[in-house]
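Since the structure comes first, as structure tokens, the remarks are kept for the end.
The values are calculated or read from the model by the stated rules, or taken from the named source; none is laboratory data. Note that this is a predicted model, so its numbers are computed, not measured. For neighbour counting, all protein chains shown are included, and Cβ atoms are generated from backbone atoms with ideal geometry for every residue, glycine included.
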Amino acid sequence: MLRRTKIIATLGPATDNPEILSDMIEKGIDVVRINFSHDTASDHKNRVAMVRKIAQQCGRDIGIIGDLQGPKIRIKTFDKGKVELNKGGQFFLDTKLNELEGDKKGVGVDYENFHMDVVAGDILLLSDGRIKLKVEKIRKTRILTTVIEGGILYDNQGMNRKGGGLSTPAITKKDIQDIKLAVQLEIDFLAISFIRSAQDIENVRQHYHDAGGNGLIVSKIERKEAVECIDSIIDASDVIMVARGDLGVEIGFTELTGIQKQIIRKTRYKNKVVITATQMMESMIHNSVPTRAEVSDVSNAVMDGTDAVMLSAETAIGKNPVLVVSATNDICYGAEKYTLPRGRTAHRLDDQFEHIDESIAMAVMYTANHLAVRAIISLTESGSTALWMSRIRSDIPIYAFTPHVSSSRRVMLYRGVYPVSFKYDTDDIKSLYKNIFSILLDKQLVEENDLVIFTKGEMKGISGGTNSMRIIRVTA
């Protein structure tokens, strides 16, 4: 059985060894993430080049996500790199304080309007929510606080206000430069951080298109405001990422799991792709096996229907990124045994479809789940038909036969969809079937006499032109 849930691995210093990256691909990663919040443009270029080269050597198509830093609010730096804050102590934050001027009394903030966004009584959260500060007074650019929960505070750590509501811009000067780099590197997905509305997505999309980019847009849900307008954000996006780190800090941990499940359900219903991310296998940054809680966390996301699970620091800086990928692969396999198998489904049963290829995709999956079909073959330009089909739960693999490398990399993120490079220049249907069957039999994906469902469009080279389905029997 092929694993349906896809695995995304963040690249970093721990993956810069070609042998390690090759082993990670062999163990099952489908997409890699380049985090523009860290490292240099040269580092990113080298990593993308290495991914492309090793993927080709492994005979795999690997998608690449470029993740913009966005307007994350961070403290500046301390003269000694860190300070210890004690409960009940006083500590200030100052937007005018320079780098390296921080000490046990206070530290600078990199968002110049921060003092205008907070009021007395606000709770500020640092170090992923472990450190809590209560705002007492604001004196010009200086915010005076009392330490509610203390701990070690390091340079450049992120900061949130409990309940959200900060007025930072959706896109920064650094983001604009990184968008140009993403276009230069021909990345397949562009992830937007800290969005608050659908308009934020459209603004970034415009910058991306103006720079010449044509990858899919991934909207990261990590602010309370984004949750409150999730429907319009899903509509404006190509992919949704449940980014549970900052989201959990802003809304609190008690509702996080319920919101995650709700977002997965809504995203799939709207025929979009969804990623579940942050701290999925966190203990494996240092340990050789995951905790039982982490196993349960990944399994629940898989069983809820997420398209992909994402590894962050676990692979970027972890002690054994190959082992992390292998463990995640095994957990996904195990969880998929308990997801709904082929059979009846009520997905969009009462909807009226707007597109011909969309209605074909739905008809294919209803047929496949009520007939002994071995595989689904989608002859596709953009991969849109394969995406629609992958929204229906099924254990039947969907093979996206496409002549475009960009489409192959794109569908690597779609649950249960597997790309097959295929170029055809004939309108003779018998020759077409023969060529496709030869590939499937050679790869041992089907056997002779298996039933498969085949979808295609009448016009080659037309994106979104799928308008027919056929049930055919495999012949040698």
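When you look at residue 287, is it over 19 Å from the mean Cα position of the chain (by Cα) and modelled with pLDDT of 95 or more, yes or no?
yes
How do the strands (runs of 3 or more DSSP E) wholly within segment 156-222 filter down when requiring 1 or more residues that are closer than 23 Å to residue 407 by Cβ and of a type in the set (S, T, N, Q): which remain?
216-221
Give segment 11-55 a look and list any residue that's among the acidic types (Asp, Glu) and under 27 Å from residue 414 (Cβ atoms), or say none.
23, 26, 30
Of the conditions (1) surrounded by fewer than 19 Cβ atoms within 10 Å (Cβ to Cβ); (2) under 21 Å from residue 157 (Cβ atoms), residue 18 fails just one. Which one is it?
In the conditions (1) surrounded by fewer than 19 Cβ atoms within 10 Å (Cβ to Cβ); (2) under 21 Å from residue 157 (Cβ atoms), residue 18 misses (2) alone.
With respect to residue 256, determine if the residue is in contact (Cβ under 8 Å) with a residue 12 or more places away in the chain and within 30 Å of residue 362 (Cβ to Cβ).
No: the conditions fail for residue 256.
Can you name the residue in segment 426-447 that is more than 35 Å from the chain's Cα centre (by Cα) and of a type in the set (D, E, K, R) and is also surrounded by the most Cβ atoms within 10 Å (Cβ to Cβ) among such residues?
Taking the candidates together, the pick is 434.
Only one of these conditions is not met by residue 446: (1) at pLDDT 90 or above; (2) in contact with a His (Cβ under 7 Å, 6 or more places away or on another chain). Which number is it?
Condition (2) is where residue 446 drops out.
Surrounded by 17 or more Cβ atoms within 10 Å (Cβ to Cβ), more than 31 Å from the chain's Cα centre (by Cα) and outside the structural domain of residue 270 (by TED's automatic domain parsing) - does that describe any residue in segment 448-455?
Checked against the condition, which is being surrounded by 17 or more Cβ atoms within 10 Å (Cβ to Cβ), more than 31 Å from the chain's Cα centre (by Cα) and outside the structural domain of residue 270 (by TED's automatic domain parsing), segment 448-455 yields at least one hit.
Where residues in segment 403-426 are hydrophobic (A, V, I, L, M, F, W, C) and in a loop (DSSP other than H, G, I, E, B), which of them is farthest from residue 238 (Cα to Cα)?
422
Can you pull out the residues in segment 311-325 that are in a helix (DSSP H, G or I), of a type in the set (Val, Ile, Thr) and within 22 Å of residue 241 (Cα to Cα)?
315, 324, 325
Identify the residue in segment 158-190 that is over 17 Å from residue 203 (Cβ atoms) and small (Gly, Ala, Ser) and, among all such residues, is nearest to the chain's Cα centre (by Cα).
Filtering first and then ranking leaves 158.
Filtering segment 381-402 down to residues that are touching a His at 6+ places or on another chain (Cβ under 9 Å) and in a loop (DSSP other than H, G, I, E, B), which residue is modelled with the lowest pLDDT?
It comes out as 393.
Within segment 41-61, does at least one residue satisfy the condition of being assigned to a loop (DSSP other than H, G, I, E, B) and within 18 Å of the chain's Cα centre (by Cα)?
yes
Just one of the numbered conditions (1) closer than 22 Å to residue 271 by Cβ; (2) surrounded by 15 or more Cβ atoms within 10 Å (Cβ to Cβ) is not true of residue 196; which one?
So residue 196 meets the others, but not (1).
Can you tell me which of 389, 365, 412 is in contact with an Asp or Glu (Cβ under 6 Å, 6 or more places away or on another chain), aliphatic (A, V, I, L, M) and surrounded by 17 or more Cβ atoms within 10 Å (Cβ to Cβ)?
412
Consider residue 27 against the criteria (1) out of contact with any strand residue (DSSP E or B) (no Cβ under 8 Å at 6 or more places or on another chain); (2) exposed (fewer than 14 other Cβ atoms within 10 Å of the Cβ); (3) of a type outside the set (A, V, I, L, M, F, W, C): it satisfies all of them except one. Which criterion is unmet?
Every listed condition holds for residue 27 apart from (2).
Which condition number does residue 240 fail, the rest of (1) assigned to a strand (DSSP E or B); (2) under 17 Å from residue 393 (Cα atoms) being met?
Result: residue 240 passes all but (2).
Which one of 160, 156 is surrounded by 23 or more Cβ atoms within 10 Å (Cβ to Cβ) and within 15 Å of residue 110 (Cα to Cα)?
After ruling out the rest, the residue left standing is 160.
Test each condition in (1) more than 20 Å from residue 308 (Cβ to Cβ); (2) aromatic (Phe, Trp, Tyr); (3) modelled with pLDDT of 85 or more; (4) in contact with a Lys or Arg (Cβ under 9 Å, 6 or more places away or on another chain) for residue 437 and report the one that comes out false.
Status for residue 437: all satisfied but (4).
With respect to residue 68, determine if the residue is touching a Phe, Trp or Tyr at 6+ places or on another chain (Cβ under 7 Å), buried (at least 20 other Cβ atoms within 10 Å of the Cβ) and over 27 Å from residue 308 (Cα atoms).
no
Which of the residues belonging to segment 13-40 are among the polar types (S, T, N, Q) and in a helix (DSSP H, G or I)?
Hits for segment 13-40 are 15, 22.
Which is modelled with pLDDT under 95 and of a type in the set (Val, Ile, Thr), of 73, 62, 34?
Every option except 73 fails the conditions.
Does segment 104-112 contain at least one residue that is among the β-branched types (Val, Ile, Thr) and either modelled with pLDDT under 90 or in contact with a His (Cβ under 9 Å, 6 or more places away or on another chain) (or both)?
Among the residues of segment 104-112, at least one is among the β-branched types (Val, Ile, Thr) and either modelled with pLDDT under 90 or in contact with a His (Cβ under 9 Å, 6 or more places away or on another chain) (or both), which makes the answer yes.
Kindly indicate whether residue 225 is surrounded by fewer than 22 Cβ atoms within 10 Å (Cβ to Cβ), in a helix (DSSP H, G or I) and of a type in the set (Asp, Glu).
Yes; evaluated as a whole, the condition is true for this residue.
Only one of 275, 251 is under 24 Å from residue 325 (Cβ atoms) and out of contact with any Phe, Trp or Tyr (no Cβ under 8 Å at 6 or more places or on another chain). Can you tell me which?
Only one candidate qualifies: 275.
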